[in-house]
Amino acid sequence: MTKKNIELAENTRVVIKNVGGDLVLKGWNRAELRLRDCVEEDNVQQEDNTIFLNCSGDGVVELPHDVPVEIGNVGGDASVRGLDNTLTLNNVGADLSLRDVGATTVDTVGGDFSARRLRNALEVNSVGGDCVVREVNGQFSAQQIGADLVVKGVQGDMLVENVGGDCVAHDLSGQFSAKSVGGDLHLNDVIGGIEATVGGDAVIIFFPVSWQAYSIQAGGAIYARIPEDTSAEFELKSKSKKIEIRLKENKQTIKKETYNLVCGEGGPSISLAAGGKIALANISREHFSRKGESINFGFGNLGEDFDFAVDIGDLGEEFAQQTAQQIETQLGMLEEHLNTQLADLSETFEAAGLSEEKMREVQERIAIAQDRAAHKAQKAHEKLEHKLILTQRKAARQARKAKRKAKEFDVDAIFANKKNAAKVVSDKERMMILKMLQEKKITADQANDLLSALEKEG
């Protein structure tokens with residue numbers, strides 16, 4: 001193991017040119033940079049106010065919170081925490097995880113991408129796997145997401161070019177635009193305008209306002225809910241010639257391909273075009289004042305009168321919360337245990353007459369082990385949380401396919417709260433897994449494997 005400590009002057013920026021393995025990058029409150037684990041003798045170069053880093057294997061980098069960072073290439077996973085200034089990542093070969101960072105630009109991620117608590121805008125070019133984004137204090141934009149995209153809490157516009165799988169977005173304070181979604185689209189609490197083209201179904205809760213435009217095209221069905229006092233002009237097009245309207249003052253079924261509807265005093269133009277049927281119904285305005293009740297990206301409890309058609313259920317939410325608490329508790333115990341070991345080792349080394357330099361080296365090794373253990377536990381938690389989401393998404397798709405086969409379709413059933421319908425993994429089985437995890441009979445990874453096995457059996 002090697003380590004380097006470099007004092008940093010003001011206005012210094014850091015360029016991590018290449019990391020062959022995994023990268024852990026963390027901000028701290030010291031005015032210096034510390035590089036650990038890299039084995040190359042020439043891994044640090046400095047030119048004017050820029051420091052260049054290279055690492056052939058895994059690397060751990062700690063630096064001041066306010067230093068701008070650019071990352072060229074990471075061959076494995078990358079984890080970044082606690083940076084206030086701009087962050088640029090060009091290529092991550094495997095998974096990328098961001099927490100508590102400033103304005104960030106990401107070019108390419110080969111695997112899955114997870115981001116939470118961004119203090120400014122997030123711009124993403126390409127993600128090969130799934131993408132989960134939460135709490136962005138600014139605009140979120142993405143060009144290409146290979147699998148599913150799940151977003152909650154964007155204080156700005158959300159602009160997406162292409163999503164290969166499903167797209168779920170909850171609590172958006174700006175515009176929503178998705179040029180192409182290969183699977184289903186689920187939107188909830190969108191304040192701005194909407195423009196979307198969807199290959200599957202579209203399920204939308206929104207609040208039309210006069211200064212915005214709305215256009216949704218879906219290859220499957222469209223299920224939309226609006227407040228009772230909405231004033232707007234709807235252009236409804238259903239290739240299956242089935243339009244269900246269940247508004248407070250207007251309940252009818254139209255067996256035509258095109259139908260124009262004026263709500264209230266008229267207002268913004270709203271175009272809904274579906275390959276299948278269109279269902280339009282009301283939702284109470286109280287729904288729009290209950291933000292923050294759900295933590296599962298909009299899958300949770302969205303109100304007694306509507307479950308967003310893919311309700312993950314109270315049990316799933318409780319499972320995710322308790323799992324997170326369990327892992328945090330385990331990390332705290334791990335840290336306490338390591339600190340106790342460190343103190344005992346220090347006393348032992350002093351009694352043995354070891355040099356101060358040797359003692360520091362051992363302390364560094366223990367600190368690295370602690371970082372790696374924490375990173376591994378966090379990653380296991382994220383994978384388990386994502387598995388719960390995908391499990392419920394699969395259940396929702398199966399439920400919709402079954403409904404399409406029915407001869408008659410009741411629009412009220414689409415919006416009913418059916419928490420016990422179409423579960424791939426039963427509540428009882430989830431609770432058993434949760435109990436084993438809490439009793440430390442299994443790890444988070446083993447819980448994830450059990451869920452996968454139960455899915456296959458279902």
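Residues 249, 233, 244, ranked from the fewest to the most other C-beta atoms within 10 Å, line up as 249, 233, 244. Taking a Cβ cut-off of under 13 Å around residue 159, the surrounding Lys, Arg, Asp and Glu residues balance to a net charge of -3, with basic ones at +1 and acidic ones at -1. Once both labels are positioned 7 Å from their Cα atoms along Cα-to-Cβ, the gap between residue 250 and residue 88 label points is 5.1 nm. Distance cut-off 23 Å, Cα to Cα: go down the list 179/277; 179/241; 152/441; 179/256; 4/26; 152/251 and report the pairs above it. Pairs exceeding the cut-off: 179/241; 152/441; 179/256; 152/251. With an a/c value of 1.5 or above and a/b larger than b/c for the gyration tensor axes a ≥ b ≥ c computed over the alpha-carbon atoms, region 77-146 is described as prolate. One chain, two ends: residue 213 and residue 449. Fully extended at 0.36 nm per residue, the span grows by 80.5 nm beyond their Cα-Cα distance. On full extension, the segment bounded by residue 137 and residue 6 gains 43.9 nm, given 0.36 nm per residue less the C-alpha separation. Database remark: amide H of residue 146 closer than 5 angstrom to the amide H of 127, 128, 129, 164 (H placed geometrically; neighbours at sequence offset of 5 or more, or on other chains; Pro and chain starts carry no H).
Just so you know, all these numbers are worked out from the coordinates, no wet-lab data involved. Values in this document were obtained by computation on a predicted structure and should not be read as measured data. All Cβ positions, even for glycine, are placed from backbone atoms using ideal geometry, and neighbour counts span all protein chains on display.
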